Amino acid sequence: MILYLHGFRSSPDSYKARVMREHMQALGRAGEIVCPELSPSPLLAIQQAEAILAGQDTRQVSIIGSSLGGYYATWLAEKYGCKAVLLNPAVKPPRDLESYVGVTTYYHNDRIFEFKADYVAELRSLAVQQISQPERYFLIAATGDEVLDWREMVAHYPAAKQYVIEGSDHGIAEFADCLDMVMAFCDKAH
């Protein structure tokens with residue numbers, strides 16, 4: 001199973017989530033990917049993911065996390081021992097998202113939600129200072145990410161498999177070109 005976790009203000013309708021689902025469908029494996037709409041509350045988002053993981057053999061699970069979803073994927077991979085593919089992951093979201101406290105909208109629709117001050121503390125509670133098994137991680141980072149610093153990503157996942165894209169953007173416009181690498185990593189025996 002692949003659990004895809006979208007980023008802050010994003011949704012299952014994001015470019016990368018759609019490309020991933022379409023690719024799984026083309027492989028005849030549409031039933032193997034789950035992409036929930038995550039709560040703005042980090043703790044509720046984690047509970048949503050954990051409910052999906054419940055009863056799964058986590059050695060057979062890969063979590064793909066984009067941006068804030070990468071932060072969540074790291075915490076879940078450490079707790080459950082599954083593999084994680086990190087797409088321009090947030091490394092320090094308590095710092096990066098503090099300025100977003102208040103009312104905002106999602107990127108893919110005009111729905112409004114509140115990012116509460118308490119959520120910053122929830123993010124702090126999910127921090128992974130150092131990954132324990134780098135072989136379970138695959139980082140894809142873009143040097144042209146206009147939102148997050150790719151150097152922080154590379155430094156946070158030392159010894160993990162890393163693919164650094166020169167240029168690109170936070171959304172990883174060339175994500176479709178990375179699908180074979182992503183699937184090879186996800187399908188590799190644990």
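The values are calculated or read from the model by the stated rules, or taken from the named source; none is laboratory data. Note that the structure is a prediction, hence the values are computed from the model and not measured. Here the Cβ positions follow ideal geometry from the backbone for every residue, glycine too, while neighbour counts run over all protein chains shown. Heads up: the accessible areas ignore ligands, DNA and RNA and are worked out on the full protein's heavy atoms, side chains in. Shrake-Rupley method; radii C 1.70, N 1.55, O 1.52, S 1.80 Å.
With contacts taken as Cα pairs under 8 Å and at least 6 residues apart, region 74-140 reaches a relative contact order of 47 percent. The value of relative contact order for the chain, using C-alpha pairs under 8 Å at least six residues apart, is 21 percent. The Stokes-Einstein estimate for region 1-116, based on a Kirkwood radius over Cα pairs and taken at 25 °C with 0.890 mPa s viscosity, is a diffusion coefficient of 170 µm²/s. Quotient of the Cα radius of gyration of region 70-140 and 2.2 N^0.38 Å, N being its number of residues: 1.25. Name the longest site-free stretch of the chain, where the excluded sites are trypsin sites (Lys or Arg not before Pro) in a DSSP loop with no more than 15 other beta-carbon atoms within 10 Å. Here the longest segment lacking exposed loop sites spans 30-110.
When the accessible area of region 100-179 is split by element with a 1.4 Å probe, what percent falls to carbon and sulfur?
Numbers: 2140 of 4360 Å².
Result for region 100-179: 49 percent of the exposed heavy-atom area is carbon or sulfur.
The Cβ shell under 10 Å around Ala141 holds other residues with a net charge of -2, Lys and Arg each +1, Asp and Glu each -1. Within region 75-155, antiparallel bridges make up roughly 50 percent of the DSSP beta bridges whose residues both belong there.
Centre-to-centre, using Cα atoms only, region 94-141 and region 154-190 are separated by 20 Å.
Heavy atoms of the protein chains alone define the surface here; on that basis the chain has 46 Å² accessible area per residue at 1.4 Å probe size.
For region 51-190, what is the convex hull volume of its Cα atoms per residue in Å³? Provide the component values of the computation, followed by the final result.
Details: hull volume 17.2 nm³, N = 140.
Per-residue hull volume (Cα only) is 123 Å³.
Farthest toward the positive end of the dipole of the chain, out of Ala117, Ala54, Cys186, is the Cα of Ala54, where the dipole comes from beta carbon charges about the Cα centre. Helical content alone sets the calculated 222 nm signal of the chain at -10000 deg cm²/dmol, taking -39,500 (n - 2.57) per DSSP H segment of four or more residues and averaging over every residue.
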